[in-house]
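Just below is one structure, and these are the notes that go with it.
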Amino acid sequence: MTYKNPLIAVADMQKGLDFYHRVLGLTVEQDFGTNQVLTGGVSLQTLESWAGFLGCDERDIRFGGKSAELYFEETDFDAFAARLAAMEDISYVHPVIEHRWGQRAVRIYDPDRHIIEIGEPLPAVARRFAGQGMDVEQIARRMDVGADFAARLLAE
């Protein structure tokens, strides 16, 4: 079996665990002390142990880069966005936006300034457009996809 878990370093493991649980509902699947594997396929590694693996000083590790993000989807995007808006301590990269293809998304920072994107699943986007009275061809044009793909999204 091959595991494909993105791993990010965190300055404060408990603060990271609390954030990912409170905001995204992730829980610990495997507790290895300095490494915690969460539901959703994300691993958190303590800064100290990560620096040790890399053979560098902790001060050489920088948080807050804008070169990557962790991506999640929320089926009930409206409820998630409302719940997120009620959390006063959330730091936004940007509020909820709608991409040109119709998918809504929000980007926030975790406690270590890693970028987290939460998007609306594409089948939910297609169903939202269908609920607005669009047919498969109109949905395909709006989402900039082929009609076959739009039909598959609606069937999911």
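Every number in this text was worked out from the coordinates using simple rules, so none of it is lab data. Source: prediction; values computed, not measured. Cβ atoms come from the backbone with ideal geometry, glycine included; neighbour counts cover every protein chain shown.
A few points about this structure:
- Of (1) 10, 33, 29, 19, 8, 1; (2) 11, 38, 32, 15, 4, 0; (3) 10, 41, 36, 12, 1, the label for P(r) over Cα pairs in 10 Å bins from 0, in percent derived from the coordinates: (1)
- Helix 13-24 vs. the chain, principal-axis angle (Cα, 0 to 90°, nearest 10): 10
- Structure remark: mean-square fluctuation, Gaussian network model of the chain, C-alpha springs under 10 Å; the largest value among Glu88, Glu48, Glu58 belongs to Glu88.
- Relative to the longest principal axis of the Cα atoms of the chain, helix 122-131 runs at roughly 30 degrees.
- Most positive-pole-ward Cα, Leu38, Ile108, His94, against dipole of the range 1-113 from beta carbon charges: His94
- Chain lengthening between Thr75 and Glu58 when straightened (0.36 nm per residue, less Cα-Cα): 2.3 nm
- Mean residue ellipticity (222 nm) of the chain, computed from DSSP H runs ≥ 4 via -39,500 (n - 2.57), nearest 500: -10500 deg cm²/dmol
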